[in-house]
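Comments concern the structure below.
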Amino acid sequence: MLYIYGAPLIDTHMAAMKSGLGTEKSFRLNRRYVFLLKCLGFIFFTIFFCEFLLYYFVIIQCQWPNLKTSPTPASPLKAMFLSDTHLLGKITGHWFDKFRREWQMERAYQSAIWLLQPDIVFILGDLFDEGKWSNSKAWEDDVARFQSMFRHPPHTELLVVVGNHDIGFHYEMTTHKLKRFEKAFNLTSGKVITRKGVNFVLVNSVALEGDNCIICRAAEDQIFQVSRQLNCSRKENHPDSVKKCRGVHPLPPSAPILLQHYPLYRKSDAACTGEDSATPEEKKIWFKERYDVLSQDASQKLLWMIQPRLILSGHTHSACRVLHGKVPEVSVPSFSWRNRNNPSFIMGLITDEDFSLEKCFLPTENTVIYIYCVAGALLCLCAAFFWLPLNLLKSYYATKQKPV
């Protein structure tokens, strides 16, 4: 055996090898831990950005519109309009689809409320997807989820309009379904809501079938009473109106804004434009009266009795702007990513004499998918560039420490 200064040469060499291998192993383990922590941090940030921060980044770019006329002494009403949230139920809703869509809508709504600080929010029907089928237990669960998702601060008011998926189409609609909807949202269809001198008429458009059914008769009677109230308010100083309008509660004498689920009658969406309008294939399809839009007769009666200055509706899931004579109607697209890739909502500044509308788009589904794909590709590339040098380093140490 060879000795160097009294120590066996082979033992010294083996000790050096063990020391080198231990150092190399410890170095590789430390690098792995650091790399894994960086990967976990990157994954967490990507998810946090896509599922939380992205909504703020997109919605903060939306601005309230400017009024054409000079502002009145009182500040204008800041109103948001959205439609067709279609919360999925237990019958046709897949659990992941339900979780995903509800999370998206909740984050979008809460971000918009926090950033834009509206005075009032209107949802134009089809709050639920299965309200027309739900039993009492499923209905209570759906309402509780809706109220949790669309919670709002005390200074913001939320009002809703009934849609066909909430109570069923005309042939499915019952008094029980309508009453439970109105009870859940403290709402009576066919009434006037006045805020800051602005009159809003909320109509149950599902009941405007014109066949004299019980709910239809009640809805038409309510519209008649609203029409009388509005007309009396416009002519409250006219001598002939004193006797006719005795006992009628006066309203601000401004033309109202009509809110309903079904659009007024139009042949199709062929004339609709914009990136969130119907697809070219959908624009070729003619609308069916009392199913896709109101009938011509019901539309003419509403225009004549209410005499609105603006109409907002939903139901089609796509955007559109049409004129009924001189009265504009804006169809608000669906707020759910399940119905379209690019949801949006309408922002409005409204006074008793003027209004101005602006659209606010939400993050597109494609953007979120693209970010996740890019992040996944970057993660794979980083992993490849990390493990390759580490394996080369391992081979180098193994070669260097190999005994001669």
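The values are calculated or read from the model by the stated rules, or taken from the named source; none is laboratory data. This structure is a prediction, so every number in the text was calculated from the model and none was measured. FYI the Cβ positions are ideal-geometry reconstructions off the backbone, even for glycines, and counts take in every protein chain you see. Ligands, DNA and RNA are stripped out before the accessible areas are found, and what is left, the full protein with its side chains, is counted by its heavy atoms. Shrake-Rupley method; radii C 1.70, N 1.55, O 1.52, S 1.80 Å.
Values computed for the structure shown
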item	result
Where a label projected 7 Å from the Cα of residue 374 along Cα→Cβ would reach, residues of segment 44-65 with amide N under 19 Å	44-61
Ratio Rg/Rh [Cα only; Rh per Kirkwood] for segment 31-134	1.14
Charge-dipole axis of the chain as Lys and Arg at +1 and Asp and Glu at -1 on Cβ define it, positive-most pick from 300, 224, 287	287
Extreme residue, positive dipole direction of the chain, given options 277, 91, 316 (C-beta unit charges)	91
Cβ crowding within 10 Å averaged over residues, with 142-149, 378-385, 82-89 ranked highest first	82-89, 142-149, 378-385
For the chain, accessible area per residue (1.4 Å probe, heavy atoms of protein chains only), Å²	53
Kirkwood estimate for the chain, i.e. one over the average of 1/r between Cα atoms, Å	25.0
Range of Cα positions in segment 172-226 per principal axis (Å), largest first	37, 25, 14
Efficiency of FRET between residue 32 and residue 188 - r from beta-carbon atoms, R0 60 angstrom, step 0.05	0.40
Gain on full stretching of the segment that runs from residue 49 to residue 119 - 0.36 nm per residue minus C-alpha separation	22.4 nm
For residue 169, solvent-accessible area (1.4 Å; no DNA, RNA or ligand), Å²	20
Protein accessible area in the chain, 1.4 Å probe - carbon and sulfur %	61
All-pairs Cα distance distribution in segment 134-237, expressed in whole percent, bin size 5 Å	2, 11, 19, 21, 17, 14, 10, 4, 1, 0, 0
Under 19 Å from the residue 103 label point (7 Å along Cα→beta-carbon), backbone N, segment 350-370	362-370
Sequence ranges 364-373, 345-354, ranked by mean other-Cβ count within 10 angstrom, highest first	345-354, 364-373
Cα Rg over Rh - segment 242-299, Kirkwood	1.22
Relative packing of 356-363, 260-267, which averages over residues the other C-beta atoms within 10 Å, highest first	260-267, 356-363
Under the span-like rule (Cα at least 18 Å along the axis, Kyte-Doolittle mean at least 0.0), DSSP H helices of the chain	9-48, 365-400
Residues residue 366 and residue 273, FRET efficiency given R0 of 25 Å [Cβ-Cβ distance, rounded to 0.05]	0.75
Signed unit charges on C-beta, dipole axis of the chain, positive-most listed residue 154, 181, 347	154
Eligible aspartates and glutamates near residue 132 by straight Cα distance, threshold 18 Å, same-chain separation 8 or greater	84, 140, 141, 142, 166, 172, 182, 209, 292
The chain - share of DSSP beta bridges that are antiparallel (%, nearest 5)	55
Debye, to nearest 20: dipole size of the chain, +1 on Lys, Arg Cβ, -1 on Asp, Glu Cβ	940
